[in-house]
Each structure stands twice: as structure tokens, then as C-alpha cells.
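Engineer: So that we are looking at the same thing, I have put the structure below in C-alpha cells.
The values are calculated or read from the model by the stated rules, or taken from the named source; none is laboratory data. Computed from a predicted structure; not experimentally measured. Note that each Cβ is placed from the backbone with ideal geometry, even for glycine, and that neighbours are counted across all protein chains shown.
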């Protein structure tokens, strides 16, 4: 009977390291065998059992275990007389991992835009030798995942942000906030609209377009909720009928919403919307629009139309680039999407158009006045 000796004691990291070596196909078979010797010995197997399994002599197994106890992991796996435990992953090696994780995979030549854990792990293993960090060839995916989490590096995710590319951002934002402050001053303490003594009103319209609203039809009828199934049931298949664009503004004094539905949102559509506003408000009043810098808003066709009106009939206040959040119409569009457009099915673009106009009629039956509060306390009308 084979004699059972004391088992080799391995840490979890050492056990993972040896297990990864056994799975690696790019290292010497001798190293793989020695990794198995240490793993199996840590499990309590005898020298003779291990020798028989690997078809080597008992002294070979014993020598590997003795080198582990005397010199450490790496000398036990190789023929170099080095002391110490397995080579730790150096700070330089970890920095190299971070440098790879902080680059898109398309930069070193892959097709993907973002790393997956598997792809990043494979890349590290494939290029560890060339980078001068051979120890990284055997790091495990769990270790890599844990290390990235520890460093708060998440190369598998995208977080969007608005980049301020407008060099005049602060000034434009101030101009928009100034308008909101002026609108506030048009209400009395009871919320009533103050009419100027000369009767000349300024009507402020928060305006934007919502293009590409999809007219989608069911291929098969919906099933309404029943006592047995308390939700709308809908087949997965649908038919696209085309898209429409919505041009809309909300009056910041009355809360009334003004719509125009069109197949496009070109300069001619914008001019048509301006004509709706011109017909809506009394002649002699000023119509002030808060809007973005879409080309249609400053086009030759738009400018030509404005020359046919009095100079102060329309006043445009432009939001900064990438700052749609400064325009209150965006809150209205968000509400409209939740209340009306979400999950909508129609049989034609004409039906979608009709239902959008119907939604505006329902909103205007009980209008809500929008109030801006962000940074209002920083706006001083005396310094405007």
C-alpha cells in the first residue's frame, strides 16, 4: 500500500493559478504535469497515485513537491532555482491591463465597439508575452472581473453625457433663463396674467420638432383585458406605415399647446408653423420663441418670411448646442410619449395624425402652465 504523506497546502489564488495552467495549451507539457502534481497532492493523493496517473516516477513527483516547499510555486513548476511564492502580478502588469481595458477593442483591430469580459481576457492572454508580462497569460476571468470592479473600470458599458461644444454656452443659457424669469414676472401673486398698460403683450413659446414618429399597424387585432387575462394582448408582428413629424410649441403664459403635423420638418414646415402663431396672436404683440439652432430656423426661406412682418413680431432665443434640456417643450414631449405615443397602433399615417391632433385638443381642454425653477434665483433682471 502506498504511503500517504502530508498534503500540499494551497491558497485559493494558488489553486486558481494552477487550474488555469492546466487549461492553457501554449505552455510546456512538463509545466502542466507539475501543476497537476501540486493540485493532486493538495487533495491528499499519494506520490505513487500521482506518478501512475502521469506516467512518471515517484521521485519526480516527490522532487516537485519538495521544490514547492523549499522554493515556492514557480521553482516547483520550472527548473530554475528561484525562491519565493508564485510571482505576483506586478503594478506594471496591472497598469497594462487598465491601459487595454481603457481602449475600445476596435483600436487594436477588432470589430467590436465595446469589450466583453471574455474578449478582454483572451486579448490579455494572447498579448501578455509580447507586452513583457508572461504571468498574465494565466490570470482567470474571475480575477480580471474582480480587479476591474476594484478599479471601477467598466469597459463593457456606455454612459451618455452632453458635451458642451458650444463656446457661447453660458451666455446662451443665461439668455434662456432670463426669458423664463421674465415670464415669471408676467404673473401676479394669484397666478393671473398681468396685462401691460400699453396692451402690448409678449407671448413666449417653447418650441421644438419631434421627427420620425412611426405609424405602426397591427398585423393581427389586439385582445382587450378580460377577467382571465388582465392586460392587453398583442401579437409580435406589426406593419410600418411610414413616419410623420410633429412641430409644436407651448405657450408659457397659458399652457396652451400648438401643433403642426407634417411629413417633413423642413424650412417650409417651420414657416407654416410661424404662420399659425402669427394668425393666433393679436397683431402688434410680440411672439418670442425659445428654440434650438436647427438649420430650418435660420434658413433663407425663414428669414425671407420674417421680412414680411414687423421687426418685433417674432423674436428668437436660441438654446446652446446640446442643451435641449433647457427647452421646456422637451418635458411636454416626454409626457406625450408616455401618455399617448407609447404602444400606439394605427391603420395609417392619417389616423396617427388625427390622434395626435386629438391629444392636443384634450391637453388644451385643461392646459397646464409650465414653470422653470432651475437657477432662477441666480437671474437678476436689473442686470439683464
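Engineer: May I ask you to say which residue of 375, 349, 280 is in the same structural domain as residue 176 (by TED's automatic domain parsing), surrounded by 12 or more Cβ atoms within 10 Å (Cβ to Cβ) and within 28 Å of residue 199 (Cα to Cα)?
Structural biologist: Exactly one of 375, 349, 280 is in the same structural domain as residue 176 (by TED's automatic domain parsing), surrounded by 12 or more Cβ atoms within 10 Å (Cβ to Cβ) and within 28 Å of residue 199 (Cα to Cα), namely 280.
Engineer: So which residues in the range 127-168 are over 24 Å from residue 14 (Cβ atoms) and part of a helix (DSSP H, G or I)?
Structural biologist: Going through the range 127-168, the residues over 24 Å from residue 14 (Cβ atoms) turn out to be 127, 130, 152-168.
Matches in the range 127-168: 127, 130.
Engineer: From the list 53, 19, which residue is surrounded by fewer than 18 Cβ atoms within 10 Å (Cβ to Cβ), outside the structural domain of residue 125 (by TED's automatic domain parsing) and at pLDDT 90 or above?
Structural biologist: 53
Engineer: Oh, and also: Condition test on residue 3, is it surrounded by fewer than 18 Cβ atoms within 10 Å (Cβ to Cβ) and either farther than 20 Å from residue 136 by Cα or at pLDDT below 90 (or both)?
Structural biologist: Yes; evaluated as a whole, the condition is true for this residue.
Engineer: Which helices (runs of 4 or more DSSP H) sit wholly inside the range 266-384 and have at least 1 residues that are within 30 Å of residue 221 (Cβ to Cβ)?
Structural biologist: Helices (runs of 4 or more DSSP H) meeting the threshold: 329-336, 349-365.
Engineer: Among the residues that make up the range 306-325, is at least one of them at pLDDT below 95, in contact with a strand residue (DSSP E or B) (Cβ under 9 Å, 6 or more places away or on another chain) and more than 24 Å from residue 275 (Cβ to Cβ)?
Structural biologist: yes
Engineer: Being in the same structural domain as residue 209 (by TED's automatic domain parsing) and surrounded by fewer than 18 Cβ atoms within 10 Å (Cβ to Cβ): is that true of residue 255 here?
Structural biologist: yes
Engineer: Regarding the range 334-341, can at least one residue be identified that is surrounded by fewer than 16 Cβ atoms within 10 Å (Cβ to Cβ), out of contact with any strand residue (DSSP E or B) (no Cβ under 7 Å at 6 or more places or on another chain), in contact (Cβ under 8 Å) with a residue 40 or more places away in the chain and within 19 Å of residue 210 (Cβ to Cβ)?
Structural biologist: Looking through the range 334-341, none of the residues is surrounded by fewer than 16 Cβ atoms within 10 Å (Cβ to Cβ), out of contact with any strand residue (DSSP E or B) (no Cβ under 7 Å at 6 or more places or on another chain), in contact (Cβ under 8 Å) with a residue 40 or more places away in the chain and within 19 Å of residue 210 (Cβ to Cβ).
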